[in-house]
Amino acid sequence: MEESLRTYKVVTYGCQMNVHDSERLSGLLEEAGYTKAAGDGDPDLVVFNTCAVRENADNKLYGNLGRLAPAKQANSAMQIAVGGCLAQKDRETIVRKAPWVDVVFGTHNIGHLPALLERAAIERTAQVEILDSLETFPSTLPTRRESAYAAWVAISVGCNNTCTFCIVPALRGKEEDRRPGDILAEVEALVAEGVVEVTLLGQNVNAYGSDLGDREAFGKLLRACGEIDGLERVRFTSPHPRDFTDDVIAAMAETPNVMHQLHMPLQSGSDTVLRAMRRSYRQERFLGIIEKVRAAMPDAAISTDIIVGFPGETDEDFEQTLHVVREARFANAFTFQYSKRPGTPAAEMENQIPKAVVQERYDRLIALQEEISWEENKKQVGRKLEILVAEGEGKKDDRTDRLSGRAPDNRLVHFTRPEGGVRPGDMVTVEITYAAPHHLLAEGPALGVRRTRAGDAWEKRQAAPATKPAGVMLGLPSIGVPAPLPAAPGGCG
């Protein structure tokens, strides 16, 4: 075998589970001797971790594969791999449409990627391996965490729901839960490394326990996280209204390090549309959950997902969605225009809504939610909040001499850079002076700075060598948000 230092790049689309899977892929590749590519040049290996949720997901993938074709032609040693949900769905179609791809792997066998790459190089033919069930729980695989201070922890994979707009259960399989002891051991290990914030992750996170025979397992898990010394913030995403029980609300309210932040997907406010979506709750049940959460945690920030223009949605149905938005007063909402997901029942439904109608409704929803988000954010002005300093959250920070981070309820806060400097992972106490619909400002001097082990971990990571020494390679020829929540949440909650 030849020793050489090969570079890689992982391109991620879709939900937080994909983001976390990409951390696993990076860990696997670095354990196999690859190093993360720096700069804009072509790496030796490009891995696309795909999503199949949006209608144009395949167009996006094939467009990117097409742009890589000249680089691959110029350097036959370059390798391209495609994994994730779209790979699970399309299988051999990817190699037929893009024959320069070396490896296609699915959602159930990400641990096989290094071996598949080696086999593709030796046999000089594309390797397609798609398993129909999970072989090894991904959390047993090595991981390259993108953040030194915040981490995703998967507590389950798969989903037992049958929403008519969602293809995820078909691609991720039935729900499989990790043992609580394994989850807590991973969290404790992360905290020992300096992590202060953990987000528990699952396709339907609060259904955790259905595979273990304990309906209250999720609330117990939240309380157990509260016993871990040094863990300052616990979040979770995405829950489902059907499984959201009173014991979870109590665990959130009574466990000090569980944040008063909740992402609760609505999808539609119309009972008729919810029935067509095969969502197992109705408007009254959803608003009842919101009411209970606010009674237990008046300061809770609640966000949601909403789909506009689902097949058969009438003006009255849409008005019901607007009604729920007004009643629930979400801090923010991830809003989507319905698009056909190939392979889902909804894609074959009659009464698909014309694009112009969907756009008009969507614009009205956005306008209403912007107004509510701004009003809710204005209530934060004058509050003193402890902010977890983030890396890369404020696009204008360098120009404004500010830093950015997240409040306990996950609101984004831009604040004046404290004298003496702070590091990502440190905590800064500020007073909010201004509110915009999507962020808060603290324009005065910091009221306090708390240096943390997370900041130490970030500093240590920055001081580490940019590249790791080459180890034993795979014998291949050579060439070229956790940050807080990513822009698009799970979408299947």
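Tabulated data
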read-out	value
Residue tally, condition in contact with a Ser or Thr (Cβ under 6 Å, 6 or more places away or on another chain) and among the aliphatic types (A, V, I, L, M), over segment 27-48	1
Pairs, first more than 14 Å from N351 (Cα to Cα) in segment 308-320, second part of a loop (DSSP other than H, G, I, E, B) and of a type outside the set (F, W, Y), C-beta under 8 Å, six or more apart	E316/S270; F318/S270; Q320/S268; Q320/G269; Q320/S270
Single unsatisfied condition, A77 versus (1) part of a loop (DSSP other than H, G, I, E, B); (2) open to solvent by less than 10 Å² (accessible area, probe 1.4 Å)	(2)
Residue within segment 389-396 that is part of a strand (DSSP E or B), crowded, with 17+ Cβ neighbours inside 10 Å and charged (D, E, K, R) present	no
Yes/no for D44 being buried (at least 20 other Cβ atoms within 10 Å of the Cβ) and of a type in the set (D, E)	yes
Tally, over segment 373-400, of residues that are more than 20 Å from the chain's Cα centre (by Cα) and on the phi < 0 side of the Ramachandran plot	19
Residue ranges of strands (runs of 3 or more DSSP E) in segment 192-311 with at least 3 members open to solvent by less than 30 Å² (accessible area, probe 1.4 Å), touching a Ser or Thr at 6+ places or on another chain (Cβ under 7 Å) and under 30 Å from K460 (Cα atoms)	233-237
Identity of the residue in segment 59-88, under 20 Å from the mean Cα position of the chain (by Cα) and of a type outside the set (V, I, T), that ends up farthest from G41 (Cα to Cα)	Q88
Single unsatisfied condition, Q359 versus (1) open to solvent by 50 Å² or more (accessible area, probe 1.4 Å); (2) in a loop (DSSP other than H, G, I, E, B); (3) over 30 Å from A87 (Cα atoms); (4) not hydrophobic (A, V, I, L, M, F, W, C)	(2)
Residue in segment 316-329 that is assigned to a loop (DSSP other than H, G, I, E, B) and open to solvent by less than 60 Å² (accessible area, probe 1.4 Å) present	no
Single condition R451 does not satisfy, out of (1) open to solvent by 10 Å² or more (accessible area, probe 1.4 Å); (2) modelled with pLDDT under 95	(2)
Pick from segment 166-206, criterion over 19 Å from the mean Cα position of the chain (by Cα) and closer than 23 Å to F244 by Cβ, ranking: modelled with the lowest pLDDT	K174
Residues being under 14 Å from L25 (Cβ atoms) and polar (S, T, N, Q) - total across segment 70-113	3
Qualifying residue in segment 342-351 (condition: modelled with pLDDT of 95 or more and open to solvent by less than 30 Å² (accessible area, probe 1.4 Å))	no
Pair list, Cβ under 9 Å, 6 or more apart: segment 354-380 residue within 14 Å of S339 (Cα to Cα), other residue open to solvent by less than 70 Å² (accessible area, probe 1.4 Å) and aromatic (F, W, Y)	V358/Y338; Y362/F336
Selection status of F415, open to solvent by less than 40 Å² (accessible area, probe 1.4 Å) and not in a helix (DSSP H, G or I)	yes
Members of segment 332-341 found to be open to solvent by 50 Å² or more (accessible area, probe 1.4 Å) and not in a loop (DSSP other than H, G, I, E, B), listed by number	N332
Selected residue (criterion: surrounded by the fewest Cβ atoms within 10 Å (Cβ to Cβ)) from residues of segment 373-388 that are among the charged types (D, E, K, R) and part of a strand (DSSP E or B)	K384
Residue in segment 173-191 that is surrounded by the fewest Cβ atoms within 10 Å (Cβ to Cβ), counting only those that are assigned to a loop (DSSP other than H, G, I, E, B) and out of contact with any helix residue (DSSP H, G or I) (no Cβ under 7 Å at 6 or more places or on another chain)	R179
Qualifying residues in segment 114-132 (those that are of a type outside the set (A, V, I, L, M) and not in a loop (DSSP other than H, G, I, E, B)) - the one nearest to L28 (Cα to Cα)	P114
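The values are calculated or read from the model by the stated rules, or taken from the named source; none is laboratory data. Quantities reported herein were computed from a predicted structural model and do not represent experimental measurements. Counting neighbours? That spans all protein chains shown, and the Cβs are built from the backbone with ideal geometry, glycine included. Just the protein is used for accessible areas: all its heavy atoms, side chains included, with ligands, DNA and RNA removed. Shrake-Rupley method; radii C 1.70, N 1.55, O 1.52, S 1.80 Å.
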